[in-house]
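Here the structure is laid out as structure tokens; the discussion comes afterwards.
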Amino acid sequence: MAKDLLSVLRSIGLDDKEAQLYLCGLHVGSAPASEYAKASRLNRITSYNTLESMVRKGHFTVVKKVRGKFYAPVEPEYLALEARKNVDTLERTVPELRSLRKAKERKPNVRFFEGWEGVRHVYEHTLTAKTEIINFANSAVVRRFWPKYDEEYVAERVKHKIPLRGIAPDDEAGRWVHGEDREKLREIRLVPEKDFDFRNEINVYDDNVAICSFGSSKDMFAVIIESKEVAETQRQIFEMAWRYAGLKKRT
């Protein structure tokens, strides 16, 4: 039972020594620090310092007598009242605490990567996706820089069972990629090459937006923006383009 009581007292903010001295106080009553030290098996200095701290916190009272200071614990009802006050205060501040969390979520985490190895790292990060990947991509450009793209990246995406929906230019490479959609766990919609000749790639997955800019081998870079709000906006833009691409396919 004593262990259970110690756990309860810890749950309302008392540390191990404070909880031990409070329980001792209920048996000992008004007594000097030396008697508390004996009852709790703590050394005198620790008992004295802890009792003084608990007096300041309102958990003990102290009376000065001829023989020194005598300490006594406050009634258990007082501890229960203080605990309820703390809970009420916490509940009142929950909206403010939530607003602080949302403010943090609104601040995006942006990571920048340079060169081909940086771009490869970003592609590898997309393989952590727990949701589908949606993207705007140029099927020819990425394979020009990464000849084994299908064997090394697409195969891994399929292995991880990560589905993909993409929009790509309607060129030779785009049509070839589109032809293998079913076995590669993806759905590609093609748009006119002359109007939409993408030079970089945008992948949206989970709370991330990854942008890979190929340019030349010297100017290649990639960015990962980690933000729920940014990712959601990019999804909405993609869905709008996806509908347009579907209409073009039917005409």
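The values are calculated or read from the model by the stated rules, or taken from the named source; none is laboratory data. The structure displayed is predicted, hence computed values, not measured ones. Ideal geometry is used to build each Cβ from the backbone, glycine not excepted, and the neighbour counts take in all protein chains shown.
What to note about this one:
- The residues of segment 33-63 that are farther than 11 Å from residue 21 by Cα, within 40 Å of the chain's Cα centre (by Cα) and not in a helix (DSSP H, G or I) amount to a single one, 58.
- Qualifying position, being in contact with a helix residue (DSSP H, G or I) (Cβ under 9 Å, 6 or more places away or on another chain) and part of a helix (DSSP H, G or I), among 81, 5: 5
- Test: residue in segment 140-156 that is modelled with pLDDT under 90, assigned by TED's automatic domain parsing to the domain that holds residue 195, within 25 Å of residue 207 (Cβ to Cβ) and of a type in the set (Asp, Glu): no
- Among the candidates 19, 72, the residue that is of a type in the set (Gly, Ala, Ser) and not in a helix (DSSP H, G or I) is uniquely 72.
- Summed over segment 194-232, residues that are of a type in the set (Asp, Glu) and farther than 21 Å from residue 146 by Cα total 6.
- For segment 226-243, the count of residues that are among the small types (Gly, Ala, Ser), over 16 Å from residue 140 (Cβ atoms), surrounded by 13 or more Cβ atoms within 10 Å (Cβ to Cβ) and more than 33 Å from the chain's Cα centre (by Cα) is zero.
- Qualifying residue in segment 188-202 (condition: modelled with pLDDT of 90 or more, of a type outside the set (Val, Ile, Thr) and assigned to a helix (DSSP H, G or I)): no
- Residue 173 being part of a helix (DSSP H, G or I) and either touching a Ser or Thr at 6+ places or on another chain (Cβ under 7 Å) or surrounded by 14 or more Cβ atoms within 10 Å (Cβ to Cβ) (or both): yes
- Unique residue being of a type in the set (A, V, I, L, M), buried (at least 18 other Cβ atoms within 10 Å of the Cβ) and in contact with a Cys (Cβ under 8 Å, 6 or more places away or on another chain) when the list is 191, 141, 122: 122
- Among (1) surrounded by 18 or more Cβ atoms within 10 Å (Cβ to Cβ); (2) within 40 Å of the chain's Cα centre (by Cα) - the single one residue 15 does not satisfy: (1)
- Subset of segment 31-42 (residues that are of a type outside the set (D, E, K, R) and either crowded, with 16+ Cβ neighbours inside 10 Å or at pLDDT below 90 (or both)): 31, 32, 33, 36, 37, 39, 40, 42
- Out of 166, 174, 118, sole residue that is more than 29 Å from the chain's Cα centre (by Cα), assigned by TED's automatic domain parsing to the domain that holds residue 235 and touching a residue at least 12 places away in the same chain (Cβ under 8 Å): 174
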